[in-house]
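Okay, so here's the structure we're looking at.
The values are calculated or read from the model by the stated rules, or taken from the named source; none is laboratory data. Computed from a predicted model, the values in this text were never measured in an experiment. Virtual Cβ from ideal backbone geometry, glycine too; neighbours counted across all protein chains shown.
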Amino acid sequence: MESFIIATNAVMPFMVYIAIGMLARKAGWVREEFLREFNGILFKVFFPFIMFNNLYDVDFSTLKNANYVIFATIGTIVLITLALIIVPFFEKDNRRKGVIVQAVYRSNSVLFALPLAVNVLGEAASVKASIAIAFLVPLYNIAAVAILEYYRGGKVSGGVIIKNILKNPLIMGAVAGFIFNMLPITMPACFVSPLTQLANLATPMALFVLGGTLHFSDLRKNLVTIVIGTVLKLIVVPAVMITIMAAMNFDTTEFFIVFCLYATPVAAATFPMAHSMGADADLAGEYVVVTTLCSIFTIFTWIIVLRNFGLL
């Protein structure tokens, strides 16, 4: 029951934001056309601040013994590569390929994996989890931009893809965060505070917009694709990673942090990104909602399994 409560507490805020968005549209308080336009604003204005904060706050000196970060990074790169190879075998539509690949590898790390790790292991896990997330979130986004740009443009030159990646607002935010991190000066609190607040607003607003533009009638049309992606994301990938990590003898804290990075639902940012880059945003939104709901039960089950095998 304790494990179920932890998983539920991590998931319910997301569902509340989505439900409020649905209610607002149903009640006529906001038009769906406005929400779809605002989605572009989120992608171009608010989400770059998340990227900025992630890299600005990283203490690179703590990475000397952070083998779990290296493992998670390499594991993510391998997972992306495998997804790019496997997905085209069962999906032929380019607008959907990139969305499915994202659904397989891209977790809701900032607002799901981090609180889950802290709830289970305590505040001691916060720093280690934050460091891992600070490296993986930029990787998630850089890969997502490259993948969606490739599938949007078809057979375009590598130079064009790289140019478009560098022009992407999320990448620009990450580059700015890295530069300010490297500067020998500290940003004044009067600037840090509003930047942090803007970053904190991004995900709740993205989920609100998702709720306001989501149509459950489309779930039937995408049912097989959603089932495949959800099973891969919440069951197959965590099972493989757990097996590998157990053989490598990570300590309990590092083991569970990496587990959280792979076993949590699809990131909310996949929805506005897919919408802004010409991919199937409806499918991306459905992945966010379905994996978030299912994760209540899969995470609960995984925690029981890990405890029974003495891994947690």
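Among residues of the stretch 6-21 being surrounded by fewer than 18 Cβ atoms within 10 Å (Cβ to Cβ) and closer than 15 Å to MET205 by Cβ, the one that is modelled with the lowest pLDDT is PRO13. The set of residues from the stretch 171-186 being within 23 Å of the chain's Cα centre (by Cα) and either over 28 Å from ILE147 (Cα atoms) or at pLDDT below 80 (or both) comprises ILE171, ALA174.
Note on the stretch 264-312: residues that are within 18 Å of THR203 (Cα to Cα) and surrounded by fewer than 18 Cβ atoms within 10 Å (Cβ to Cβ) total 1.
Residue pairs whose Cβ atoms lie under 7 Å apart, sitting 6 or more positions apart in sequence or on different chains, and linking a residue in the stretch 267-280 that is charged (D, E, K, R) to a partner that is buried (at least 24 other Cβ atoms within 10 Å of the Cβ), are ASP280/VAL99; ASP280/ALA274. One residue stands out in the stretch 22-75 among those that are basic (Lys, Arg) and in contact with a helix residue (DSSP H, G or I) (Cβ under 7 Å, 6 or more places away or on another chain): the one that is modelled with the lowest pLDDT, namely ARG36.
Got at least one residue in the stretch 204-223 being part of a helix (DSSP H, G or I), of a type in the set (A, V, I, L, M) and over 19 Å from the mean Cα position of the chain (by Cα)? Taking every residue of the stretch 204-223 in turn, at least one turns out to be part of a helix (DSSP H, G or I), of a type in the set (A, V, I, L, M) and over 19 Å from the mean Cα position of the chain (by Cα). Filtered by the rule that a residue be in a loop (DSSP other than H, G, I, E, B) and of a type outside the set (Ser, Thr, Tyr), the stretch 257-308 gives PRO265, ALA267, ALA268, ALA269, MET277, GLY278, ALA279, ASP280.
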